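Heads up, the thing below is written out as structure tokens.
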Amino acid sequence: TQLLEQSPQFLSIQEGENLTVYCNSSSVFSSLQWYRQEPGEGPVLLVTVVTGGEVKKLKRLTFQFGDARKDSSLHITAAQPGDTGLYLCAGIFTSGTYKYIFGTGTRLKVLA
Amino acid sequence: NAGVMQNPRHLVRRRGQEARLRCSPMKGHSHVYWYRQLPEEGLKFMVYLQKENIIDESGMPKERFSAEFPKEGPSILRIQQVVRGDSAAYFCASSRKSTSPTEYNEQFFGPGTRLTVL
């Protein structure tokens, strides 16, 4: 059974602080995605990483895919209240059919 | 270009009733995925469909749950004889047809249907 563990599960920080969210698995993924979900809405894709060791930046967000393509991290610099939400990683398998396995989620709250 | 549409947004059923959840994919998308999300948890894959074809239903409970994606009309997730444990948010996502075996296609999610079983 493929499993994606995210840590921490909950995070409450002050505006301006930095934070890192981790996504770990024992499985190797073809690619990995990060989503943000706000209450009452569906997840919205932030980024897709495909190559082992790849780093992508999206304004204050930095995403990294592990060399072995089993893990990933999301780093937010100078967090803002607008960053509050549920962050989900999703690993993608492309052997046979496309299968997306979602992580357990990290609920972030940024206090003003 | 309208996004993925799901209806109803909220559905209340009593134990033993049937629930029908609808999903209209984005224009041009022929792949549909259904997920279930319990409060404070991530999304659990249920089923992956193409038009008139179930590709992967490994996440679907064996009983009471079924899904279809007909040639015309929306994809339907059907839950028969609902129980309290079925209460959850059900999300649908759609994507385009892949052009190669190694290419993934971005999923776009709908707003979800929140099912409450009394």
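The values are calculated or read from the model by the stated rules, or taken from the named source; none is laboratory data. It should be emphasised that the depicted structure is a prediction, and the values quoted were computed from it without experimental measurement. Counting neighbours? That spans all protein chains shown, and the Cβs are built from the backbone with ideal geometry, glycine included. These accessible areas exclude ligands, DNA and RNA; they are computed on the full protein's heavy atoms, side chains included. Shrake-Rupley method; radii C 1.70, N 1.55, O 1.52, S 1.80 Å.
I'm trying to understand the selection: among the residues of the stretch A:1-51, which are small (Gly, Ala, Ser) and surrounded by 13 or more Cβ atoms within 10 Å (Cβ to Cβ)?
A:7, A:25, A:27, A:30, A:31, A:42
Of all residues in the stretch A:52-65, which are outside any strand (DSSP E or B) and either in contact with a strand residue (DSSP E or B) (Cβ under 7 Å, 6 or more places away or on another chain) or within 20 Å of residue A:105 (Cα to Cα) (or both)?
Selection gives A:52, A:53, A:54, A:60.
So in the stretch B:29-58, with the set limited to residues that are open to solvent by less than 20 Å² (accessible area, probe 1.4 Å) and of a type in the set (Phe, Trp, Tyr), which one is farthest from residue B:112 (Cα to Cα)?
By that ranking, first place goes to B:48.
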